[in-house]
1. Roughly how many percent of the accessible protein surface of segment 169-299 is carbon and sulfur, given a 1.4 Å probe and a whole-percent answer?
2. Using square roots of five times the C-alpha gyration tensor eigenvalues, list the equivalent-ellipsoid semi-axes of segment 74-149 in whole Å, biggest first.
3. Of Val190, Val295, which has the most accessible area and how do the rest follow, probe 1.4 Å?
4. Say each of Val227 and Lys276 gets a label point 7 Å from the Cα, pointing the same way as Cα to Cβ; how far apart are those two points in nm?
5. State the Cα centre-to-centre distance between segment 222-299 and segment 189-203 in whole Å.
6. What's the magnitude of the charge dipole for segment 1-102 around its Cα centre, counting Lys and Arg as +1 and Asp and Glu as -1 at the beta-carbon? Answer in Debye, nearest 20.
7. My understanding is that a pair violates if its Cα-Cα distance is over 23 Å; which of Lys73/Lys149; Lys193/Lys228; Lys83/Lys228; Lys83/Lys149 do that in this structure?
8. Taking the Cα centre of the chain as the origin, how large is its charge dipole in debye, to the nearest 20, when only Lys and Arg (+1) and Asp and Glu (-1) carry charge on their Cβ atoms?
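The values are calculated or read from the model by the stated rules, or taken from the named source; none is laboratory data. Being a predicted model, the structure only gives us computed values, none of them experimental. Cβ sites come from the backbone with ideal geometry, for glycine too, and all protein chains shown count toward neighbours. SASA here: full protein model, heavy atoms, side chains in, ligands and nucleic acids out. Shrake-Rupley method; radii C 1.70, N 1.55, O 1.52, S 1.80 Å.
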Amino acid sequence: MSFALSTVEHAGKTLGCIEIDNRFYPLDSFAGGAGLPGDLFTLFGSWDKHFAALQKAASGCTASGGLARSEVKVLAPLLYPGKVVCAGANYFDHLAEMGVADISKESQRLFFFFKPSRSAVVGHGATVQYPLGSEMFDWEIELAVVIGKHSRRLTLDNALDAVAAYTVAIDLSARDFNSAPNTFYKLDWVAGKAQDTSCPLGPRLVPAAFITDPHDLALKLSVNGEVKQDARTSGMVFDIREQLVALSNIMTLEPGDVVLTGTPAGVGFPKRTFLKTGDRIDAEIETIGALSVLVGEPG
């Protein structure tokens with residue numbers, strides 16, 4: 001049976017859970033018989049073994065068991081991922097809206113940047129901090145991949161075998177901090193992309209086994225109810241396999257790492273329309289769910 005994985009807060013405790021039909025079944029309640037750890041991050045260290053145990057545990061979940069949505073606070077599914085690596089400029093329509101003259105795949109190359117997992121990642125319902133001093137706070141919806149095995153030198157044939165689960169991500173950017181035109185290096189991806197609370201994730205993780213085709217999922221992002229981005233993952237320049245091959249040639253991908261795979265057109269920068277304090281962002285990906293955050297005061 002299909003299920004998702006969530007992290008929630010209940011009665012002062014943080015619980016990794018199997019989620020089925022908006023009910024939450026704490027992993028530690030299965031620990032004796034199923035051999036499951038109590039948190040999601042540890043699951044990915046032995047994903048193949050744990051996924052089989054999760055399937056068995058999920059088959060025993062009843063509609064009257066677990067915790068109701070009203071009883072819990074949903075947190076980021078991975079509170080402290082390993083690496084959070086993000087692909088830049090990886091949708092054809094986004095390249096076009098950003099003014100790239102030649103948007104053919106042959107003219108592009110994959111590039112990546114990091115977000116600091118312990119300070120950037122927040123969950124569904126969080127209030128994100130407006131970057132202090134920024135006037136160009138922008139949104140990007142992204143399909144995020146969670147790695148489930150140590151991976152180096154992946155190939156196109158085996159790259160997706162490294163993927164344990166998928167979730168929704170919002171890559172928040174201080175666009176005005178990305179640019180450093182008066183310096184020899186011209187760009188500052190740390191200042192623009194690595195702000196605190198700049199990487200909402202959630203609301204749940206969907207195991208890769210339950211995603212029929214990650215390259216054909218609908219993505220939609222709204223700000224205060226107005227749709228800004230509406231596309232499909234089929235618009236990627238470099239697909240997930242190609243991204244993981246490139247990354248695994250640079251570094252070892254480890255269980256619990258998260259890879260953001262790029263954003264489609266509809267970001268604020270081309271129209272100079274940016275987020276402001278009090279805005280609500282709703283980001284939804286087909287078969288995974290909707291992730292919502294509020295924009296708070298500068299932190």
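1. Details: 2700 of 5200 Å².
Looking at segment 169-299 in its full context, I get 52 percent from C and S.
2. Numbers: eigenvalues 143, 67, 24 Å².
The equivalent ellipsoid of segment 74-149 has semi-axes of 27, 18, 11 Å.
3. Details: Val190 105, Val295 5 Å².
Highest to lowest solvent-accessible surface, that is Val190, Val295.
4. Rounded to a tenth, the inter-label distance reads 2.5 nm.
5. With segment 222-299 and segment 189-203 each reduced to a Cα centre, they are spaced 11 Å.
6. Details: 7 positive and 10 negative charges, 91 e Å.
Dipole size: approximately 440 debye.
7. Working: Lys73/Lys149 29 Å; Lys193/Lys228 20 Å; Lys83/Lys228 28 Å; Lys83/Lys149 13 Å.
Exceeds cut-off: Lys73/Lys149; Lys83/Lys228.
8. Details: 26 positive and 34 negative charges, 99 e Å.
Value, rounded to 20: 480 debye.
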